[in-house]
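J.: Once you've had a glance at the structure underneath, I'll fire off some questions.
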Amino acid sequence: MTRTFILLLAGMLWLNYQVLGQEKPPEKIKKTSKEFQDYKWDASLDMYYIFYGYSTVMIRYAPKLKGAYRLSIGHHTAGFDNDLKYVDSLDDPLNDPALRVSSRNYKVVAKVGYEFRKNAGKHQLIYGLDVNIAYDDLKQQNPIYHPERRFAGGLYPFIGLKYRILNRLSISAETTISIHYTKSQSFNEDGSLTYARRYFGSDFNPLSALNVSYHF
């Protein structure tokens, strides 16, 4: 009886060794591509209009990985002009200016908004909403009046795709639908309203931004 049990146990051990020997070694699990580090801040330069002499700078802050607040500033101008004429109608020189004209101008276009993010390796899907505010004012003196004053605002829902080239460098493109309102006014030298226009409309821009971003 004991001899039969020992032979049976030896046969089971031999059979188990043969089965394990025929099994293939476990395959190594392939590691996914390296995920890039997420940073809370990035600064972007819109390259789309840069060849036309102007562009937009955007700052983004992401307290959470799935979204970021964004602020864009573009088309900002400001200046002061003072013209003095020291000759009379016959072009004879004068000690005091016969004509004094000064002007001030200010123009700013800004957007504030929020974007949602979905990461997939080097790619990132972004979508959200921007609120646009634009103000343009030209003031002239002698007498003081506003030849032109304009205010514009609108909603800009957007969707885009970002590609991380390096750990701190990425490029992205955005598509936008805008719903905007514009109010323009002009005045003459005595302050009377000479022109007024109100406009409400919407536009689709398939390529509204082409941003190069630095992450920090």
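J.: Could you pull out every residue, at least 5 positions away or on a different chain, whose amide H is within less than 5 Å of the one on TYR48? Hs are placed 1.01 Å off N in the peptide plane, and Pro or chain starts have none.
T.: The list, which skips near neighbours in sequence, is LEU210.
J.: Something else now. Largest first, please: the extent of the C-alpha atoms of segment 54-209 along each principal axis, to the nearest Å.
T.: Rounded to whole Å, the extents work out to 75, 34, 26 Å.
J.: When the solvent-accessible surface of protein heavy atoms is calculated with a 1.4 angstrom probe, in what order do ILE50, ILE159 fall, highest first?
T.: Order by accessible area, largest first: ILE159, ILE50.
J.: Let me ask you something else. If each residue of separation counts as 0.36 nm, what is the full-extension length gain between PHE204 and SER184 once their alpha-carbon separation is subtracted? Walk me through the intermediate numbers first.
T.: Details: separation 20, 0.36 × 20 = 7.20 nm, distance 2.27 nm.
Roughly 4.9 nm would be gained on extension.
J.: Still on this structure, I have one more. Over 19 Å between C-alpha atoms is what I'm after, so list which of LYS118/LYS162; LYS64/LYS118; LYS111/LYS139; LYS40/LYS107; LYS107/LYS162 land there.
T.: Over 19 Å Cα-Cα: LYS111/LYS139; LYS40/LYS107; LYS107/LYS162.
J.: So, one more: Under 25 °C and 0.890 mPa s, how fast does segment 145-216 diffuse according to Stokes-Einstein, given a Kirkwood radius computed over C-alpha pairs? Answer in µm²/s, whole number.
T.: On the way: Rh = 15.2 Å.
Value of D from the Cα-based Kirkwood radius: 161 µm²/s.
J.: Mind running the shape call on segment 134-187? Use the C-alpha gyration tensor, a ≥ b ≥ c as the square roots of the eigenvalues: rounded below 1.5 for a/c, prolate if a/b tops b/c, oblate otherwise.
T.: Judged from the Cα gyration tensor, segment 134-187 comes out oblate (a/c at least 1.5, b/c at or above a/b).
The values are calculated or read from the model by the stated rules, or taken from the named source; none is laboratory data. Source: prediction; values computed, not measured. Quick note on the areas: whole protein, heavy atoms, side chains included, nothing else; ligands and nucleic acids left out. Shrake-Rupley method; radii C 1.70, N 1.55, O 1.52, S 1.80 Å.
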